[in-house]
1. Which condition from (1) surrounded by 16 or more Cβ atoms within 10 Å (Cβ to Cβ); (2) over 18 Å from ASP28 (Cβ atoms) is the one that GLY42 breaks?
2. Would you check which residues across region 60-81 are under 19 Å from PRO27 (Cα atoms), surrounded by fewer than 16 Cβ atoms within 10 Å (Cβ to Cβ) and of a type outside the set (Asp, Glu) and list them?
3. Restricting attention to region 40-48, does a residue exist that is touching a Leu at 6+ places or on another chain (Cβ under 8 Å), of a type in the set (A, V, I, L, M) and modelled with pLDDT of 95 or more?
4. Name the residues in region 35-76 that are touching a Lys or Arg at 6+ places or on another chain (Cβ under 9 Å), more than 19 Å from ASP125 (Cα to Cα) and of a type outside the set (Val, Ile, Thr), would you?
5. Write out, first by first residue and then by second, each pair whose Cβ atoms fall under 6 Å of each other, whose residues are 6+ apart or on separate chains, and whose first residue, in region 74-98, is within 16 Å of GLU52 (Cα to Cα) while the second is acidic (Asp, Glu) and surrounded by fewer than 20 Cβ atoms within 10 Å (Cβ to Cβ).
Amino acid sequence: MPTPIPAVLAVVPRGEEILLVRRANPPDAGLWGFPGGHIDPGEPLAEAALRELQEETGITADSGPVIDALDAFDRQAGTLRRHFILVAVLCHYREGIPQAADDALEATWVPITKLRSGALDLSKDVLRIAEAAIAMQLHPPSD
C-alpha cells in the first residue's frame, strides 16, 4: 500500500474569476484544477504553494490561509498507485499573465459562472474549493 504524499494547491481568485490549469500528469491528467504539486522537505505549505504557482503559471501572489485538505487517488486498472493529500492554500493575486509551464498544459483565468455551468472537465472538488476561495476573498476570516 503506497504511503500518502503531501502536496499543495495554489487557489488564486481574482474578483469573480479563478486561476486554473489543465493538468498534464496523473492524477487527473487532462482535467482542469488548481496549480500545485509536491512539497519539498522542510518547505512550509505557503512557500510550496507560491513556488508551484510560479512554476506552473508564472503568476506571483501572496499566501493566505489554508482553505481545506482533500484526497486525490491515482489508480490504474483499479489498483491504487499513489495517494496524495492535497492542502488547498488561498493565494492573493499580485501580478502576471498565466502561461502554462512545468506540468500544466494550459493556464487561464476562468469565470466562476463557467465552473458552475459544467462547461469544463474539472478535478474533484474544484468548484467547491473555488467557491470557498472567492467567499474568503470577499469576507476574510477574522483572527
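The values are calculated or read from the model by the stated rules, or taken from the named source; none is laboratory data. Just so it is clear, the structure is predicted and the values come from calculations on it, not from any experiment. Virtual Cβ from ideal backbone geometry, glycine too; neighbours counted across all protein chains shown.
1. So the condition that GLY42 fails would be (1).
2. Hits for region 60-81 are ALA69, PHE73, ARG75, GLN76, ALA77, GLY78, THR79, LEU80, ARG81.
3. Within region 40-48, not a single residue is touching a Leu at 6+ places or on another chain (Cβ under 8 Å), of a type in the set (A, V, I, L, M) and modelled with pLDDT of 95 or more.
4. Matches in region 35-76: ASP40, GLU43, ALA61, ASP62.
5. Hits for this filter: ALA88/ASP68; HIS92/ASP62.
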